[in-house]
Structures are given as structure tokens and as C-alpha cells.
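Please treat every number below as a calculation from the coordinates, not as lab data. Keep in mind that what you see is a predicted model, and the values were worked out from it rather than measured. Cβ: placed from backbone, ideal geometry, glycine included. Neighbour counts: every protein chain shown.
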Amino acid sequence: MTQPPNQPPQGGFGAPQDQPAHQQPPQGPPPQGPPPQGGFGAPQGPPQSGYGYPQQPGPYSQPGPYGHTGPYAQPQQQPGSYAQQPQAGYGYPQQAPPQFPGAPTPPPGGGSKNPFKGKPVLVAVAAVTALLVIGGTVWAVASGGDDGKKPVAHESQDDKPTPTTSAPVNQGDGSGDGREENQDLNEGRKPGESKILWYKEAPDAPAAGASAPGLWITGKTAVKAAYKQLVAYNVGDGKPTWDAITFPQKICAVTRQKTSDDTIVVAYESGTGDSSRCNQLQQVDLDSGEKGWSTELKEGGLFDDTITVELAIAGNTVVAGRSMSGTAYDVHSGKKLWDKKKYGASCYPSGYAGGSKLIAVASCGIGSDTEHDEVQELDPATGRAKWTFKIKKGWKVNRAYSVSPLVLFLKKESNDAWNMVTLKSDGTYRSQVQVDENYAPDCSGSVLGAGLTDCTGIASDADTLYLPTEKKSGANSIVALSLETGKVRWRVKSPVDGTTMMPIRMRGTRLIAYVAPSYDTGGQVVSIRTKGSRHRTYKLLQNPQGTAKIESSFYSKAIAYVDGRFFLSTTSLTGDDDAKEKLMLAYGK
């Protein structure tokens, strides 16, 4: 929600390796400057060595962990600097921190002092950011197709724009510094462009930076975490729905999902300094702002600490993962349900993925000849394993790109090889996803660290995984990969030249995606038909060109598209005292 490799990765996902001291990236969160080439952290120009940028496949390949040949090419060395050039037209240069899909931004101050750092024990996991709920009907415009016909207006069954007023943007509490939040950002808006419904600035953060994790949208409220606060705004006009909740210390973990009745769990630190732990848990109702149960997460024993904690929700269970174990609570009552501890041949569970299923990853036989990872599906109510899948020796589970169906991104530390493996619902092997090009989901995370599902720009249905390609020139594409064969089914190019298009999630048989802004056009929300022979983009929202600079300046972001509204928020704060930082924007018809 982890470190750059010693060498550039093979294939293009850039899973992290131990990094030498001379290659340490900048500490603290990334600046909120314009993102390189399209807003999702895709590199400009040739990839940079040492930070896991996707590389061109070379002439050599190696077999994957399950007997197949994958694109494990030895990459070409590239210049070592991670400084990126700003995108033309944004008006102010920024130095972007290194982005390497599969590796998160490190926390300020150099991270934890866990003695297992750099070893195969995984940090516990959070769940998916940027949830998407869609319903109703929308008037959409096709942005182009393969039949050569001009785009036409038509009615889509995916999304329904919510009627809004034409009042100025500043519908909030009046706070801010008198600039963007207190000006009409819709001035000069062109016909057909969406409106900025409201804009919010972030609370003050320390000079070292702070995290602003999560984004939760209910029927009436948009909720965001920022440093020590939870803030909530009416989805339509941006007025505060309840008073901000301020915690005694900074927020250090959140549940990326919310429950079906719109509750979350937040963890905040016990104090300040080296003795502080991320062990104070608090349940919060998103619609009312009421605080429910709270508890202190206990230490797990030697090397099993709460210096960093990741939270995941599955059903009525929330799991708080320590470095080598986990404790589960009833998400509504706070009652402790079970502990997940060491099992079998020295297997230490430390990674959890929530959602429709609860997945755990354990490191087994650490330091021995039998060292390997294991993956389990757990019963959320009891913690019992429904099945166990043993990962081949030498391969590590780095990410879960999907929970249902389960798609695992594996990393082979000995030679930087990578692969994607998918499992059946009973935990047996299904397929190895074979690819022959570079893919670039956004796994930059936030200053809280990373978890198994701390990646955006990925979507899936029962049979297909949807991934964005790396953008080298022109526009990138979204590729549909068969989970049965591992082969490419189809691809769709971003409708705007020079931009990056990233999946958000599925809605029925349609894929909803975000097209990042370019220097002369605002971003878009589009729908893509996934069935049939024609896979075209249909425009659901066209954001204003006049505010493209503001939209593009959300460097590290969480997004959601709900009921015809598009929400864009930051996930990290720089603590810059010279200017008010952006927190959140809402767009609509």
C-alpha cells in the first residue's frame, strides 16, 4: 500500500529486489506534480535502470515455475537516473519519484526496523483501492471503432449520469487558501465536457510527508483519509456530511474495501518515535461518521510486530496482519474471531488479500533448502484453510492481481524472472499467463507500504485478465488475457494519442477504464465491450480541458466512478508548506 531491484527486471512488471545503498530512492511521498505521460506513473522515454521499469524482452527466455516458457528476457541496461521530464504543456517541471510496477513508494524516514525486512516474509496485505459501483443508463458517445464510421450518440446500459446544478464549484466548507477551492473551475467549460462538482484541499501534513490512503464512496458520501483525519463530503455538492474525525496519531493502515453496510476499519499509531506501533484499530460508519468499536492489536511475539500493519475485509471479517501472523475480528462487533499463526513446516503467514474471498500467503522454511511460499484460501469466520497451494521453490508471491479468479504475480529472485499464475476455485492449478510484451499496472502504493492487492489499473472477470500495456510512444493499450490459455484475446488502444488508459473494474460484461489527461485535453471515463468481436471505447465522461493541469497533478491517486460521477483523489501528501495540497476532485454531468 518494496525496494528497487539491483538489476532491471525481465519481462516488464518490475517486482522489487533488495536495493544497494547507493540506489535508495527519495524518502517521503511523491510530489503532486504532473505525472509523466498520462498520469499513472508510466515512464517517459527509455526506462530507467535500477527501479524496475518495464524493459524490452531480449533474446533469452526461461521456463516458468509450472513448465511453461515465459518472457523472461535479459533486459538492456539503461541510464541510471530516475528523474523524469515533465509532460509537455503542463507549465511547471517536477521531479517524479521512481515508479516500478510491483513495488510501492517507501514510507518516510526509511521504513520499519523489522529484522525480516529484505527476507521472504511478506508484509501483511490490504485490499483493493478504487472500488467501482455502477448502475443505470447513460448517454455515451463512441470514441471510435474498427468499422470506420463516425462516433454517434447512443444509450448505454452501464452508467447513469446524476443530474447536477450549474452552481460554482466551491460548495464545500469554505476552507482553503482562496485559490482553486474558492474559484469557479468550470469557467470556460466547453459543450460536452463534464463539470467539476467540487474540489477539496488536503489538511496540513508534516514536512516529511504523510499518507492519504483509501477512497470510499457510498450512496451519499465520499470519504477520504489524510494524515490523522477522516473527512467526508456529499457526493453531489461537496458539503461536509459529518465533522472530520481526527485521530490522536497518524493513520497507518485502512481497509481498502468497505462492508456491504458501509463501514471500514482504520488503524492509527500508538504514539510517536521508535516505540510507536500501528496497533490502534477503530471501526467507522461511512455514512454517519460514527465511531464504533475500537481495540488494540497485540504484538505477535519475537519478530512478529505491529510496526506496520495491513487490514483486509472479507465478508463480516476484518483481518489485521502483523509481520508474521494475523488476527481476525468481527467487523461489526469487534469480537476477536481467530489468530493465524505459524503452521506446518515453519510457515509464517503474513500476507492477506480481501474481497469476495480471503486469501493468505505464507513464507515457509525460511533460510532452509525447502524455502517456498504457500497460498491458502481461509474461511473468514473460522480462519481454517479451505485449500493450500504450494508455490515452486525459488518463486515468491509478489502480488495478487485478482482474488476471484485468483491471479498471482510471482517473482523469481535469483534471476529477476517473473510470471503470472492463475488458480481454480478449489486451489488447483489453472494456467500460467504467458505474455510477450511489457505491462504497466500502477503498483506504486502509498507511503503506508504495499500489500498483495495494492495495485490499480487491473481488472478481471471469470475468464479474462485486463492489463494496461506500457506506453512508449503514442498511446498505450488495454490487453485482454485469457485465463484458460494465457494468450491475448484482444486489445484496445487509448482513444487519445499520447495518453495512458488503465482499467478500473468490470461492470457486467463491460470494462470501465480511465484515460489520463493529455496536455490539451482532460481525462475520460470510458466503457469497453468485452464480448463479441468488436471492442470499442464508449465515452462516459469527458473532463474539462481547462482543468487538465489540475487533473494531471494528482500523481499518486485513488479513483472511483459511481452513479455517473468520477472521483479523483491523492494517496500521499508532501507536507509542502508553500502551497495548499490537493486532496480530491469530483466530476459529473
Note to self: Under the rule of at least 5 residues apart or a separate chain, name every residue whose amide H is placed under 5 Å from the amide H of THR241.
What the structure shows: ALA232, TYR233, ASN234
Margin query: Give the separation of the Cα centroids, region 272-294 to region 347-372, in Å.
Written below: 26 Å
Checklist line | Entries of LYS220/LYS582; LYS393/LYS487; LYS200/LYS220 with Cα pairs more than 19 Å apart | finding: LYS220/LYS582; LYS393/LYS487
Notebook entry, point to check: Among all the lysines, which ones have a C-alpha under 17 Å from LYS291's C-alpha, if same-chain residues fewer than 8 places away are not counted?
Noted result: LYS224, LYS228, LYS250, LYS258, LYS335
Check: Using bins 5 angstrom wide from zero, how does P(r) for region 196-271 break down, in % of all Cα pairs?
Finding: 3, 15, 26, 25, 19, 10, 3, 0
Next item on the list: Report the full-extension gain for the segment SER333 to ASP237: residue separation times 0.36 nm, less the Cα-Cα distance, to one decimal in nm.
Entry: 31.3 nm
Check: Check ALA226: other-chain or 5+ apart residues with amide H under 5 Å from its amide H, H built from backbone geometry?
Finding: VAL231
Checklist line | Nearest-0.05 FRET efficiency for ILE366 and TRP293, computed from C-beta distance (R0 35 Å) | finding: 0.50
Next item on the list: Taking a cut-off of 19 Å between Cα atoms, list the aspartates and glutamates near LYS298, but don't count ones fewer than 8 places away on the same chain.
Entry: GLU269, ASP274, GLU310, ASP330, ASP339
Next item on the list: Search the structure for amide H atoms under 5 Å from the amide H of LYS472, placed 1.01 Å from N in the peptide plane, and list their residues when 5 or more places away or on another chain.
Entry: none
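If you take the beta carbon distance between GLN183 and ALA244 as r and set R0 to 25 Å, what does 1/(1 + (r/R0)^6) give as a FRET efficiency, to the nearest 0.05?
Numbers: r = 23 Å, r/R0 = 0.92.
Computed FRET efficiency for GLN183 and ALA244: 0.60.
On full extension of the chain, what length is gained from TYR66 through ARG491, given 0.36 nm per residue of separation minus the C-alpha to C-alpha distance? List each step's numbers first, then the result.
Working: separation 425, 0.36 × 425 = 153.00 nm, distance 2.62 nm.
Between TYR66 and ARG491, full extension yields an extra 150.4 nm.
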Check: If you take the beta carbon distance between LYS531 and LYS341 as r and set R0 to 56 Å, what does 1/(1 + (r/R0)^6) give as a FRET efficiency, to the nearest 0.05?
Finding: 0.80
Checklist line | Under 16 Å from the Cα of LYS557 - aspartates and glutamates, other chains or at least 8 residues apart | finding: GLU201, ASP442, ASP454, GLU581
Notebook entry, point to check: Got a sec to turn the phi values of region 359-368 into Karplus ³J(HN,Hα) couplings, 6.51 cos²θ - 1.76 cosθ + 1.60 with θ = phi - 60°, whole Hz, x for Gly and Pro?
Noted result: 10, 10, 10, 10, 9, 10, x, 4, x, 9
Next item on the list: Could you please rank CYS443, CYS455, CYS364, placing first whichever residue has the fewest other Cβ atoms within 10 Å of its Cβ?
Entry: CYS364, CYS455, CYS443
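Do you know the relative contact order of region 492-589, to the nearest whole percent, from alpha carbon pairs under 8 angstrom that are 6+ apart?
18 percent
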Next item on the list: Per residue of region 184-191, in order, report the coupling 6.51 cos²θ - 1.76 cosθ + 1.60 (Karplus, θ = phi - 60°) as ³J(HN,Hα) in whole Hz, putting x for Gly and Pro.
Entry: 7, 6, 8, 4, x, 5, 8, x
Check: So what J values fall out for region 331-343 if you push phi through Karplus, 6.51 cos²θ - 1.76 cosθ + 1.60 with θ = phi - 60°, rounded to Hz, Gly and Pro as x?
Finding: 5, 8, 9, x, 5, 5, 9, 6, 10, 10, 10, 3, 9
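Listed highest first by mean packing, meaning other Cβ atoms within 10 Å per residue, what order do 229-237, 519-527 come in?
Averaged packing, sorted descending, gives the order 519-527, 229-237.
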